[in-house]
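J.: Input: one structure, supplied below.
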Amino acid sequence: MWFARQAHERLEELKPFDLPGVAETLRQGMEKELDFRYEARSMGFFALQNPYPETVHAPKVYEEYSSKRILVMERIDGRRMAELEANSEDAKKVAIVGSQSLFHQILINGFFHADPHSGNLRLMNDGRLCLLDWGLVGQLTRRMRYGLGDLFLAFVQGDTERVVKTAINLADSGILVDERSMEREVMVAMREHYNPETGVGNVGRAILQLLYIFGRNGIDLAGDYSLMAKAILCVEET
């Protein structure tokens with residue numbers, strides 16, 4: 001927290017990222033990670049909201065044996081992501097199932113696994129994708145999800161003007177923004193990270209760049225969406 005504050009105060013180019021806000025979000029997440037009861041509840045909550053139980057799974061928790069310091073779950077046997085052959089049918093299935101689940105978690109449920117890197121994923125022996133380590137989760141309000149949906153739609157359509165207007169509406173700060181200048185910045189960022197004509201690109205990195213541009217123009221959304229961008233980066237890299 002101290003380092004984040006110093007960087008925020010002393011390095012002008014980092015101010016748009018609101019590092020103190022991001023560090024505070026991670027601090028709260030870390031405190032919850034150290035109490036296994038939160039993780040147990042997170043897995044139970046995901047199981048209740050999971051619309052794809054036949055393809056996506058979170059370990060069952062044995063609450064009678066669990067506590068703040070001990071978490072007892074079902075044993076998960078299966079293959080790590082590194083063991084899957086690239087472009088194989090299993091690899092393609094995991095890619096589709098995993099990304100579909102994460103985007104449902106983010107946009108529909110507003111409750112999502114915030115650390116879906118390859119080490120936290122297993123392809124179970126019965127073919128289901130298992131999400132492990134629910135210590136770090138993110139939550140988005142209904143308003144944030146609707147705004148994010150508008151942002152995603154404008155983004156994939158390459159509509160930079162709508163991206164800017166959606167960000168301004170989400171911030172709801174009343175500040176004056178040079179929309180034309182901001183739109184040019186957004187256009188450059190999207191061109192660098194994503195091609196709306198082909199659908200090819202890195203959405204996670206593009207979102208991080210957009211959050212930076214928003215912050216530099218006085219629209220502070222980094223704290224709200226930082227975990228979401230991190231989750232998308234993780235699942236894209238996997």
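The values are calculated or read from the model by the stated rules, or taken from the named source; none is laboratory data. Predicted, not measured: the structure shown is a model, and the values here were computed from it. In this analysis, Cβ positions are derived from the backbone assuming ideal geometry, glycine residues included, and neighbour counts consider all displayed protein chains. For accessibility, only protein heavy atoms count, side chains too; no ligands or nucleic acids. Shrake-Rupley method; radii C 1.70, N 1.55, O 1.52, S 1.80 Å.
Residue-by-condition table, conditions (1) part of a helix (DSSP H, G or I); (2) open to solvent by 40 Å² or more (accessible area, probe 1.4 Å):
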site: Arg5; (1), (2): yes, yes
site: Glu9; (1), (2): yes, yes
site: Arg37; (1), (2): yes, yes
site: Arg41; (1), (2): yes, yes
site: Gly44; (1), (2): yes, no
site: Arg69; (1), (2): no, yes
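J.: Among the residues of the range 204-227, write down those that are open to solvent by less than 10 Å² (accessible area, probe 1.4 Å), among the aliphatic types (A, V, I, L, M) and farther than 19 Å from Arg162 by Cβ.
T.: Once the filter is applied, which keeps residues that are open to solvent by less than 10 Å² (accessible area, probe 1.4 Å), among the aliphatic types (A, V, I, L, M) and farther than 19 Å from Arg162 by Cβ, the range 204-227 yields only Ala222.
J.: Now for a different question. How many residues does the range 144-166 contain that are among the charged types (D, E, K, R) and touching a residue at least 24 places away in the same chain (Cβ under 8 Å)?
T.: Looking only at the range 144-166, we keep the residues that are among the charged types (D, E, K, R), and these are 145, 150, 159, 161-162, 165.
When the remaining residues are screened for being touching a residue at least 24 places away in the same chain (Cβ under 8 Å), the result is 145.
The number of residues fulfilling the criteria is 1.
J.: Across the range 71-130, what is the number of residues that are touching a Phe, Trp or Tyr at 6+ places or on another chain (Cβ under 6 Å) and either open to solvent by 20 Å² or more (accessible area, probe 1.4 Å) or more than 21 Å from Lys60 (Cα to Cα) (or both)?
T.: So the count comes out to 3.
J.: Please determine whether any residue of the range 124-131 is touching a Pro at 6+ places or on another chain (Cβ under 6 Å) and among the small types (Gly, Ala, Ser).
T.: The first filter runs over the range 124-131 and keeps only residues touching a Pro at 6+ places or on another chain (Cβ under 6 Å), leaving none.
No: zero hits.
J.: If we keep just the residues of the range 131-183 that are at pLDDT 90 or above and of a type in the set (Asp, Glu), which is surrounded by the fewest Cβ atoms within 10 Å (Cβ to Cβ)?
T.: Glu161
J.: Which condition number does Ala231 fail, the rest of (1) open to solvent by 20 Å² or more (accessible area, probe 1.4 Å); (2) touching a Pro at 6+ places or on another chain (Cβ under 7 Å) being met?
T.: With (1) open to solvent by 20 Å² or more (accessible area, probe 1.4 Å); (2) touching a Pro at 6+ places or on another chain (Cβ under 7 Å) applied to Ala231, the lone miss is (1).
J.: Quick check on the range 90-102. Is at least one of its residues touching a strand residue (DSSP E or B) at 6+ places or on another chain (Cβ under 9 Å) and of a type in the set (Val, Ile, Thr)?
T.: yes
J.: Would it be correct to say that Phe103 is over 29 Å from Leu48 (Cβ atoms), within 18 Å of the chain's Cα centre (by Cα), of a type outside the set (Lys, Arg) and assigned to a helix (DSSP H, G or I)? Full working, then the answer.
T.: Working: over 29 Å from Leu48 (Cβ atoms): no; within 18 Å of the chain's Cα centre (by Cα): yes; of a type outside the set (Lys, Arg): yes; assigned to a helix (DSSP H, G or I): yes.
Here the answer is no, as Phe103 does not meet what is asked.
J.: Check the range 14-30 and report whether any residue there is surrounded by 13 or more Cβ atoms within 10 Å (Cβ to Cβ), of a type in the set (S, T, N, Q) and either out of contact with any Phe, Trp or Tyr (no Cβ under 7 Å at 6 or more places or on another chain) or in a strand (DSSP E or B) (or both).
T.: yes
J.: Any chance the range 215-238 includes a residue that's over 30 Å from Leu123 (Cβ atoms) and of a type in the set (Phe, Trp, Tyr)? Working first, answer last.
T.: From the range 215-238, those over 30 Å from Leu123 (Cβ atoms) are 215-224; that's our starting set.
When the remaining residues are screened for being of a type in the set (Phe, Trp, Tyr), the result is none.
No, the range 215-238 contains no residue that is over 30 Å from Leu123 (Cβ atoms) and of a type in the set (Phe, Trp, Tyr).
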